[in-house]
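Contents: one structure, followed by commentary.
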């Protein structure tokens with residue numbers, strides 16, 4: 001009788017056993033069950049990731065739109081909004097117009113928006129020296145759906161009606177706007193970015209109290225316009241230049257908050273804005289403050305005079321300006337500090353009763 005080879009026995013002992021058909025079916029069934037369990041979770045996570053990405057994209061586009069408006073001093077309309085955003089963000093227009101699901105985004109404009117010097121214009125709006133009357137309903141929306149195209153009536157341009165616009169504007173996140181009956185899209189995949197363009201405007205009031213009429217110009221205009229009485233709104237960042245009646249430039253203001261100026265005795269002076277804006281001082285305002293201070297009754301109990309106060313303040317301001325013009329070197333810092341202390345000491349002597 002032939003005995004088996006030892007090496008053959010070893011190979012037989014170490015060779016893995018093959019799976020049976022029943023075992024294979026069982027493994028496949030388990031995989032199928034697991035897949036069915038995790039598939040909805042994965043689909044939901046993918047949908048949420050796409051929505052989060054689209055939210056970020058619309059936020060970026062809204063910021064790009066506003067940056068373009070402030071840079072160009074022009075608000076685009078339905079025809080060129082994509083071009084304006086694409087130019088500002090360095091994108092191609094297709095990326096602006098179409099979302100990642102392949103559906104068109106919409107730039108919706110309030111149908112009752114009113115801009116311009118006559119208050120009867122809508123978009124596009126290009127600012128000129130006349131600015132605008134107080135903007136009315138200056139609102140737009142960027143709208144995107146990831147589940148299906150938006151309703152046929154919702155297209156870039158003016159909304160069909162004020163109610164249609166307001167219904168979308170007031171729609172809660174994850175909901176479908178009222179009035180969209182028959183639309184089969186999912187509210188959870190609807191993204192709306194609301195933009196109030198009215199917040200980009202600031203009010204400017206110019207008044208004339210002089211025999212000659214002061215003049216003004218906007219941005220890089222070469223012409224100068226009479227300002228007998230002006231109450232207009234301009235886009236933030238607009239450069240306002242004020243001239244005397246003889247055409248001499250007196251002051252320049254980059255608009256960031258509401259401002260008010262009055263042309264009095266041939267000089268433009270700023271004043272607190274009637275609606276709560278801040279006080280802006282020019283050299284003429286400091287001169288007016290000096291005149292009022294010197295004309296006021298002196299403090300009979302003070303140890304310092306008005307002239308002492310003016311001298312101490314002038315010394316501090318002169319040293320500070322010299323320090324600033326030389327980029328604040330350390331070797332001049334002590335002199336400015338001492339001047340500030342001297343000013344404080346002089347004010348204390350002028351304001352308070354002399355020690356006995």
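Within segment 117-141, the set of residues being in a loop (DSSP other than H, G, I, E, B) and free of Cβ contacts under 8 Å to residues at least 24 places away in the same chain comprises 118, 119, 120. Is there a residue in segment 75-95 that is modelled with pLDDT under 75 and either assigned to a helix (DSSP H, G or I) or in the same structural domain as residue 152 (by TED's automatic domain parsing) (or both)? Looking for residues that are modelled with pLDDT under 75 and either assigned to a helix (DSSP H, G or I) or in the same structural domain as residue 152 (by TED's automatic domain parsing) (or both), one finds none in segment 75-95, hence no. Restricting attention to segment 142-159, the residues that are surrounded by 15 or more Cβ atoms within 10 Å (Cβ to Cβ) and either under 16 Å from residue 123 (Cα atoms) or without any contact (Cβ under 8 Å) to a residue 12 or more places away in the chain (or both) total 6. Taking strands (runs of 3 or more DSSP E) that do not extend beyond segment 176-255, which have at least 3 residues that are out of contact with any helix residue (DSSP H, G or I) (no Cβ under 9 Å at 6 or more places or on another chain)? The qualifying strands (runs of 3 or more DSSP E) are 201-208, 215-218, 229-235, 239-243, 249-254.
A single entry from 208, 167, 196 fulfils the requirement of being more than 27 Å from residue 66 (Cβ to Cβ) and touching a residue at least 12 places away in the same chain (Cβ under 8 Å): 208. Of all the criteria given as (1) loosely packed, with under 15 Cβ neighbours inside 10 Å; (2) assigned by TED's automatic domain parsing to the domain that holds residue 137; (3) in contact with a strand residue (DSSP E or B) (Cβ under 9 Å, 6 or more places away or on another chain), the one not satisfied by residue 163 is (3). The single residue among 30, 46, 34 that is more than 30 Å from residue 200 (Cα to Cα), part of a helix (DSSP H, G or I) and at pLDDT 75 or above turns out to be 30.
The values are calculated or read from the model by the stated rules, or taken from the named source; none is laboratory data. If you're wondering where the values come from, they're calculated on a predicted model, not measured in any experiment. Virtual Cβ from ideal backbone geometry, glycine too; neighbours counted across all protein chains shown.
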